[in-house]
Structures are given as C-alpha cells and as structure tokens.
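The values are calculated or read from the model by the stated rules, or taken from the named source; none is laboratory data. Since the structure is predicted, the reported quantities are computational estimates derived from the model, not experimental observations. Heads up, the Cβs are rebuilt from the backbone with ideal geometry, glycines too, and the neighbour counts pull from every protein chain shown. Ligands, DNA and RNA are excluded from the accessible area calculation, which covers all protein heavy atoms including side chains. Shrake-Rupley method; radii C 1.70, N 1.55, O 1.52, S 1.80 Å.
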Amino acid sequence: MLQCHYFTIPDVSSVLAVVLYLCIFQNTYRSPAIPEEAHFAETFDSGPLDRKWVLSKAQKAEKEDILKYNGRWAVEEGTSGNRGLVLKSPGRHHAIAAYLRTIFHFTDKPLILQYEVLFQNGVDCGGAYIKLLTHTDHLRLSQFCDTTPYTIMFGPDKCGGNQKIYFIFRHRNPLTGKYQEKHARQTAEDLSRYFTDRQPHLYTLRLYPDNRYEILIDEYLVSKGSLLEDVDPSVNPPQEVADPHDTKPADWDDRPRIPDPMARKPMDWDEEAPELIPDPAAQRVHGWLEDEQPFISDPEAQRPDDWDEDMDGKWEPPLVSNPVCSDAVGCGQWEPPLISNPAYKGKWSPPLIQNPNYQGQWSPRTVTNPEYFEDSQPFQMSPVAAVGLELWSTTGDVLFDNILLCSDVTVAQRWTTDTWGQRQTPGLLMQLLMATEQRPWLWALYVFTVGLPAILFISFMWPDKTFGPPDQDYCYKKTDKPQPDSPHDPERDPGLWAHSENTSSRKRETRQANRKADLELKID
C-alpha cells in the first residue's frame, strides 16, 4: 500500500491568528529608573500614592466646612502591568499636586513636559490636562484650586464633539505686572480617536528658548508654532490703536449708493393691491358641509362644582371635533384657496444710483498705543515649583502615568523609550488591529499582506511533503518521483478486464452479421 505523509496547510484565519499573536506579544512591564537630570519624574509604580502627592483641602468660599474637591484618587494597575494615578469619581471635582525636585527656571534650556493619559471608559465631557504651578512664596499644595497661579496648562480636553489639546501659558505684562492667558492655536488634526479608542496615549509639549513650541501625541507632531506669532491674544500689543476720542463728523457721507432723487412712481403703480387673492376659478367641493361647524361644544362636559362666575367668568364647555365632519370632505364656511395676484407690485421705492457725495467708510485716526510694549522673549516665563491636576469629568477612571518634566531632549527620549516605548515596540501591529473596528475591510488587506505570504512560506519550506489522509490508498503527489501502483487499481482488475473483452467480441460479431445480410440483399 502506498504510504503518504499527511500535511495540512493551515487556513488563512489560523495563520493570521498565529502571526498577529506573535506581533502583539507583550513583554512584562519593567518600571524605569528615575533620571537624575529630571526636575520631576513619576511612574506611580512604587505602590500606594507617594507621600509627595498632596490632596487639595481647599474649601468652597460660600461653605467653609465643605471641601471644594471631593473627588477620589487611586493608584491602580493599567492594561500593560504598569500602575498609574486614576481619577475615580465621575461628576466630581478633583485636585492633587506635587512639588518638583528642583524649581524649573526658564533660561537657556528647553522645557519638556510629557505624560500618558488613558480614558479607560471613554469620555463625554472632561479634561485631562496638567498644570505647572508658578513658584511663589504663597504656594501651598493643600490649598491648590482653580485660582492657584500657574505658568503652563497643557493636555487633552473634550466636551461633546469638541476635542482640543490645550497649551496655555500666563504672560506677565511688563508695564502693569498683570498676567494674561495666551492660548496656542488648535491643530487641524482629527483628535477624536485619542478620546474614544480606550488606549493610552503619550502627550508631549516642547518649549525652546527661541520661542518655538511643539506638541506631539504618541511621538507624532500634531502642532507647532511660535510664542510670538501663533497664540491668541498676541503677546505684544499693537503699536498703534484707534483714537478713542475721535468721532465721525456730522456731515460725513459714507453711503456708496443713494435713492435716485429724480425718480417718480408710475401712475399705474398700485401699492394697495394684495399679494394673494382668492382663486376665481375655484369651486366648492361636492360633499362640503357648510352648515356644520368643524368644532362643537363637548356635550358631555359639565361645569365644575367650584366654578364661580363672579371670579372665573361665564363657563363654557370645551370644544371637540364634530363627529359629523369625520367622514365629510370639509365643514364650515367654504373659502376658495389663495393664489398670487398678477396685479401685485408691492411698495414702490426709487432705484439706487451712485452717491456723488460719497466720502468712503469713516474710521477713527490711529494714535500711539499707551499700553504698547515689546517682549521678544516670552519663553522666559515665571518659574515652576510644582505639577498639579485640577480636573472635572463626567466619566471616571481616567488614568495618568509616567509624568516627566525636564530640560534635556535626550533625557526625555530615553524616558520615552523606557516607559512608552517598552510597551509599544513589541506591539506595533496593535494599532492595525484597532483600525479594523472602524474599517472592517482592512481584514481583507491583512489576509493578502500577512496570511497569504505566510502560507506560501510554509509551502516552500516543506516542498517534499505529500498531501492526503494517511488512511487512504492514494494521495496527490507534489514530486515526480515514481510510485508503485496500487494492487486495487481498477485498471488492473482481471474481472473487469475479462468483462470488457467479452463485450467487445459480441459487438464485432453483431457488426459482421449485419454486413453479411447487406451483401445477400444486394445479390438478390
């Protein structure tokens, strides 16, 4: 009997499952070392909330015995084995802060702030931004609240269909000493998936001494600009402003066109003609009950016992639909429908002509701006002493992780590799899997780009294998190697061969007899 090695090509789904499993395999998360050069670094991997984090005890101004921030914080494990700080209480206000290891001064080195956010339950309305609190003698983290001075506010925020990445800094007016918020312009990128995919994302802000800024999400640049040109309102006010004391002259004519004073209304112009008139060709529809009213007094209604005609007036029963009109074409007085009046012209007005006395649009003269100043280095902001999270969200379980504040790009890149990178590098195709949730047609692309090459690779790796179940006497061959025939081959069966020879002999005898009969017929 012919022996066959049984070998089954895996189906496409099995190959895909194996390949994708290998691609998204995740190593055990390793907590990174805290860089000595960092002004602040936090992984939340050490266990319970560290002592350096201070919960706000600020109280409501109108009720001094009630805390303003009653939301709960917790340190919990994330999806990749790492731990993070979690905002737990939906619909409540949360505030927590921690001092920097060293105060950050804006000198000749960049500021780099980055951290991770995971909306574990998605988000409907709420923020996940971080504040860099200004260094002052009055800074007390236990009283951290919305009025605590900050230098920079940065991070994601969403409410309804409006998604933003905030970058706000407070700029000090050198003339008045007052601070004003400056908002970086929003990116044109679609940010919706960062709030809905329930995956952790890395948010990075980079400020440079030459006043440039960069905003990155997952190491992808989504916005960049200049502190001098791409913020609202502008850092530097205009040199000239409109004179607030200048007024338009009484004889100034700023009308480019005026009614023609020589025009006269035509004699046949009828301003009283209505726009719509009854259709003279219309006729009342047959079956219209003109003697019946569409509404009648409710015959079953009764005056309330407490009705006082002196106080409430004469009582009248409520109106109800006339049952007689339910099957009729219509009831009540019939009126023809209205049509456009061919004689209607409306109110006459003279045509407009160019104004010969037009002087242009008036504008006040400009004067030197008394509040003008020029700050060529807005990067030199107020020093930072602490980081804080002061948030409200309709959705809980917002996780924060791996916060870093430093002044060295190399340190930040190494921190990214040791935190974000060690979870992302083994699973580069995880985003491809996530993309299929919104675009199922991508599975067809994955079959041809991943599954088909894998099948071909397996086929070429084992070219000498033959195919077919081993309990059968034949199988298909992949090679030209000679194989012994099966003893049960029907072509070699003696019984079948003898039967075939007998059948052929009878057919020959029949043909010979027919031929002989034809010859005898011709002779006769």
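Just the residues that are small (G, A, S) and open to solvent by less than 30 Å² (accessible area, probe 1.4 Å), please, taken from segment 220-240. First the steps, then the outcome.
First pass over segment 220-240, keeping only residues small (G, A, S): 223, 225-226, 234.
Matches in segment 220-240: S223, G225, S226.
Tell me which of these S56 doesn't satisfy, since it passes every other one: (1) in contact with a Cys (Cβ under 8 Å, 6 or more places away or on another chain); (2) open to solvent by 30 Å² or more (accessible area, probe 1.4 Å); (3) of a type in the set (S, T, N, Q).
Result: S56 passes all but (2).
Does segment 387-394 include one or more residues that are at negative phi, modelled with pLDDT under 95 and part of a loop (DSSP other than H, G, I, E, B)?
The answer is yes; a qualifying residue exists.
Among the residues of segment 234-293, write down those that are within 30 Å of S326 (Cβ to Cβ) and of a type in the set (K, R).
If the condition is that a residue be within 30 Å of S326 (Cβ to Cβ) and of a type in the set (K, R), then R284 is the only one that fits.
In contact with a Lys or Arg (Cβ under 6 Å, 6 or more places away or on another chain), surrounded by 17 or more Cβ atoms within 10 Å (Cβ to Cβ) and at pLDDT below 95, is that true of G126? Can you show your working first?
Details: in contact with a Lys or Arg (Cβ under 6 Å, 6 or more places away or on another chain): no; surrounded by 17 or more Cβ atoms within 10 Å (Cβ to Cβ): yes; at pLDDT below 95: yes.
Answer is no for this residue.
Collect the residues in segment 124-166 that are of a type in the set (S, T, Y) and either without any contact (Cβ under 8 Å) to a residue 12 or more places away in the chain or closer than 26 Å to E189 by Cβ (or both), keeping them in residue-number order. Quick ask: steps written out before the conclusion?
First, the residues of segment 124-166 that are of a type in the set (S, T, Y): 129, 134, 136, 142, 147-148, 150-151, 166.
Residues satisfying the conditions are Y129, T147, Y150, T151, Y166.
Can you name the residue in segment 149-172 that is part of a loop (DSSP other than H, G, I, E, B) and at pLDDT below 95 and, of all such residues, is most open to solvent (accessible area, probe 1.4 Å)? Give the steps one after another, and end with the answer.
The initial filter retains those residues of segment 149-172 that are part of a loop (DSSP other than H, G, I, E, B), namely 149, 160-161.
Those left that are additionally at pLDDT below 95: 160-161.
Values: G160: 45, G161: 75 Å².
The qualifying residue most open to solvent (accessible area, probe 1.4 Å) is G161.
Quickly run through segment 76-118 and pick out the residues that are free of Cβ contacts under 8 Å to residues at least 60 places away in the same chain and over 18 Å from A33 (Cβ atoms).
Of segment 76-118, the ones free of Cβ contacts under 8 Å to residues at least 60 places away in the same chain are 77, 81.
Listed by number, the list holds a single entry, E77.
Name the single residue that is farthest from I112 (Cα to Cα) among those in segment 192-219 being open to solvent by 50 Å² or more (accessible area, probe 1.4 Å) and modelled with pLDDT of 95 or more. Please lay out each step first, then the result.
Step one: filter segment 192-219 for residues open to solvent by 50 Å² or more (accessible area, probe 1.4 Å), giving 193, 196, 198-199, 206, 210, 212, 219.
From what's left, modelled with pLDDT of 95 or more: 206, 210, 212.
On the way: R206: 5, D210: 14, R212: 12 Å.
Residue satisfying both the conditions and the ranking: D210.
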